[in-house]
Ligand SMILES: NC(=O)c1ccc[n+]([C@@H]2O[C@H](COP(=O)([O-])OP(=O)(O)OC[C@H]3O[C@@H](n4cnc5c(N)ncnc54)[C@H](OP(=O)(O)O)[C@@H]3O)[C@@H](O)[C@H]2O)c1
């Protein structure tokens, strides 16, 4: 049995990632902070649910304990949970440290809390995969290219949280370089979800496809890479 934990899987790209993994025969554990929403999503997919608020270390520890008791190991971790906080003003000069902290609590610190709690279980699997759901908005190369469509989207809190997540991806990949575990960052592209008021032009299912691909890489696949459906994303 192949087991996966997907954080923030009650809706959007996380839900679709779980759905697509389950369709491949993976036991896709729905991690969600709200019990009702999480159980409802799990029921719709016929998959297990575990309560998981990525900002709550006790809750994450309890989830790891439950997974250990239930499965003994974990093959796939998809760090998908993310927030893009609504701010009145997005200009860096009007973004507060509090805005950054609130965003980083989920998008950055949450990933580290969950990854560290799950690593002992991931090490128990024959060749685990960790996928961090990042964003092209975290690309410094895109951000500084006036010709890029992302030049205008100067959302300091969200974008820098994804840049940090990219370095976190590289850092784990380096620590785990000599192990069979692969750690990669996925860019889903601009998908219509609650995160952006359904403004995206891709579906959540299309966005999930790259996370699923990276979650199911074979042994000669990359580690420490930032990828989207059609190839490499510049850091
Ligand atoms: N949509 C896009 O265009 C796009 C593009 C690039 C990257 N991404 C990334 O894709 C990921 C998924 O986003 P989405 O677009 O699918 O947005 P979404 O529909 O708003 O889903 C976000 C998910 O994260 C969960 N979440 C938020 N804070 C959490 C916490 N503290 N603990 C556990 N779960 C938490 C939400 O749970 P609740 O329902 O309880 O709030 C929800 O399940 C995010 O990391 C986002 O940054 C999205």
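Derivation of every value follows stated rules applied to the coordinates shown; laboratory data play no part. Here the structure is a predicted model, which is why all the values come from computation and not from measurement.
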| query | When the chain is modelled as a GNM with alpha-carbon springs shorter than 10 Å, which of 184, 132, 116 fluctuates the most? | reply | 116
| Pick from 180, 146, 126: which residue has the top mean-square fluctuation in a GNM of the chain where Cα pairs under 10 Å get a spring? | 146
| message | Below 8 Å, C-alpha to C-alpha, sequence gap of six or more: please give me the relative contact order for the chain in percent. | response | 19
| field | the chain: most fluctuating residue of 98, 175, 88 per GNM, C-alpha cutoff 10 Å | value | 88
| field | Ellipticity estimate at 222 nm from DSSP helix runs (n ≥ 4, -39,500 (n - 2.57)) divided over the chain, nearest 500 | value | -13000 deg cm²/dmol
| said: For Cα pairs less than 8 Å apart in space and 6+ apart in sequence, what is the mean separation divided by the residue count of region 136-223, i.e. the relative contact order in percent? | reply: 21
| note | For the chain, longest principal axis from Cα atoms; helix 110-124 axis from its Cα atoms; angle between them, nearest 10 degrees, is 30
| remark: Expressed as a whole-number percentage, the relative contact order of region 1-109 with C-alpha contacts under 8 angstrom and at least six residues apart is 27
| request: Among DSSP beta bridges lying fully in the chain, give the percent that are antiparallel, nearest 5. | output: 10
| Which angle from 0 to 90°, rounded to the nearest 10, does the C-alpha axis of helix 204-215 make with the longest principal axis of the chain? | 60
| Acute angle (nearest 10 degrees) that the helix 12-23 long axis makes with the longest principal axis of the chain, alpha-carbon atoms | 30
